[in-house]
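Visitor: Quick one: structure below, then a few questions.
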Amino acid sequence: MSEDPADFLRSAESLKRFSRRRLLTGSALGLTLAADLFVTRRIQHYREDLEILRVRDETAERRFPTASWFLFPGYKTSWEETIWILNSLRPALASRGQLAGVGYSNLGLDVEDIVAAVYRYIRNHQLRRLYFYGHSFGGMLAVEVAARLRERGVAVELIILDSSPAGPQDVLDRAMFEGVAALYDAGYRIPSVVRGGYELGERVLHKDERTWRTVVDQTLEQLSPLAPSTTLIQSEASYIFHYDARRYADALGGTSLAFIGNPEDKTVNYFGAKYEWSAVFPRNLVANDLVTEGASPAHASPQWNPGVYQKVVREMLRQYSPPEQGGGLKSLF
C-alpha cells in the first residue's frame, strides 16, 4: 500500500461514484495517514537506542542512595507507559529504593544489550541493593537478566513477577504469539499500515476482561507515534514463545521471587503460571498468594489500578522484604 498522499488523491479522484464530501474526507485521511507514518518513523528512529528511564523521587534518592528498582515492561509497553507504571507504583516501590525502567530499543529485544545497559547503570550510580519488577512478560526477562547479572558479580535481592508467564504454555491465546513469533523468526515484519486492524482485533479477542472504552484507548495507544515499533513487538512475541524458565532454575542464587496476579486474568493462565514458577524456583519463591483483586483489566495493570497494586505490593514488601538500613551493602561486587 502506497504512503504517498498524491497517489491516494489520484486514486480517489478516479472513483466517480464518490461525492465531493467523501473525496475531501478521504483525501484528509490519506494526508493524515502519511503524516502520521512519517512522524512515527522519526520518533521510533530516535528510540533505536535502548535507554534506562529514571523516574526522579528526591525522597527515595535521599533515603536510599544505593538502592533502586528496575521495571521490566510488558508486551507492547511504550517508554511513556513504562513511566506511567512506575509512577502508579511509586508510593509502594519508593519505600525501598529509587525508580528506573528499561526502555526497549525499537530495533528489537536484545537481552545482551539490556544486561549491559542495566549493569552500566548500576555501576554509574553505585547501586548496591537491587529490586526488579517484572510487568507481564517483563517478569520472564527480569529473571534472565538477574541470572546474567549474577554471572557478573551483581546480586538482585527481589523480583516481583506481575502476572508473568513462566513460558508460552501459560499464555492463553498462544496461537497469536506463535503466529507473530513465526513471522519474526522467518524474517517477516508486520507493516505499520495494517497494525491498526491487528491491534484492535487482538483486544476484541480479550473483550471479556476490558470495557469497550479500554479496548479503544489501548488500541489508540498502540497507533500513537510513541508506541513501540512492530519489530520490537514481534521480537517480544518471539522471546515469549521460546522462553523456558527451567534454564535459570539454579542461576538466581539467593534472589527472592514473589508472584502476584489475578485468577480472572484472561491473558495469562494465572494458576498455570503460579504453579510453574513455584515448581521451577522452590527455594527462591517467597510469595505466590497475593491477588490483585478488583483490578480491571485483570492482567498486569498497575497503571489502570494503582490503588489495588500499591496495596498488594506494600503487603508483599512488608512480609518478605525488610526495609533497607543505612543505604544497604548487599552486593556481590
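Derivation of every value follows stated rules applied to the coordinates shown; laboratory data play no part. Since this is a predicted model, take the numbers as computed values, not measurements. We place every Cβ from the backbone using ideal geometry, glycine too, and count neighbours over all the protein chains shown.
Visitor: Rounded, prolate or oblate: pick one for the stretch 220-307, where a ≥ b ≥ c are the square roots of the eigenvalues of its C-alpha gyration tensor, a/c under 1.5 means rounded, and failing that, prolate if a/b is larger than b/c, else oblate.
Guide: Details: a/c = 2.25, a/b = 1.30, b/c = 1.73.
It comes out oblate by the Cα gyration axes.
Visitor: At 0.36 nm per residue, minus the direct Cα-Cα distance, what do PHE271 and GLU293 gain on full extension? Give it in nm, one decimal, please. Walk me through the numbers on the way to the answer.
Guide: Numbers: separation 22, 0.36 × 22 = 7.92 nm, distance 1.46 nm.
Additional length available on full extension: 6.5 nm.
Visitor: With contacts defined as alpha carbon pairs under 8 Å and 6 or more residues apart, what's the relative contact order of the stretch 57-172 in percent?
Guide: On the way: 178 pairs, mean separation 35.7, N = 116.
Taking the mean separation of contacting Cα pairs over the length of the stretch 57-172, I get 31 percent.
Visitor: Would you please name the chymotrypsin sites (Phe, Trp or Tyr not before Pro) within the stretch 121-160 that are DSSP coil residues with at most 12 other C-beta atoms within 10 Å of their C-beta? Spell out each step's value before the answer.
Guide: On the way: sites: TYR121, TYR131, PHE132, TYR133, PHE137; in loops: PHE137.
Of the chymotrypsin sites (Phe, Trp or Tyr not before Pro), not one in the loops of the stretch 121-160 has a Cβ with at most 12 other Cβ atoms within 10 Å.
Visitor: Okay, moving on. I need the calculated FRET efficiency for the pair ALA116 and ARG189, taking r as the beta carbon distance and R₀ as 30 Å, to the nearest 0.05.
Guide: Values: r = 25 Å, r/R0 = 0.84.
Approximately 0.75, to the nearest 0.05.
Visitor: If you don't mind, there's one more thing I want to ask. Stretched out fully, how many nm does the piece from ASP173 to GLN126 gain, at 0.36 nm a residue minus the Cα gap? Please list the in-between numbers first.
Guide: Values: separation 47, 0.36 × 47 = 16.92 nm, distance 4.16 nm.
My answer for the length gained is 12.8 nm.
Visitor: For a quick check of your reading of the filter: which trypsin sites (Lys or Arg not before Pro) in the stretch 56-156 sit in a DSSP loop and have no more than 12 other Cβ atoms within 10 Å? Walk me through the numbers on the way to the answer.
Guide: Working: sites: ARG56, ARG62, ARG63, LYS76, ARG96, ARG120, ARG123, ARG128, ARG129, ARG148, ARG150, ARG152; in loops: ARG56, LYS76, ARG96, ARG128, ARG152.
In loop regions of the stretch 56-156 (DSSP not H, G, I, E or B), the sparsely surrounded trypsin sites (Lys or Arg not before Pro) are ARG56.
Visitor: Please give me, ordered by residue number, the trypsin sites (Lys or Arg not before Pro) of the stretch 229-287 that lie in loop per DSSP and have at most 14 other Cβ atoms within 10 Å. The partial results should precede the final answer.
Guide: Working: sites: ARG246, ARG247, LYS266, LYS274, ARG283; in loops: LYS266, ARG283.
Taking the stretch 229-287 and a limit of 14 other Cβ atoms within 10 Å, the loop trypsin sites (Lys or Arg not before Pro) found are ARG283.
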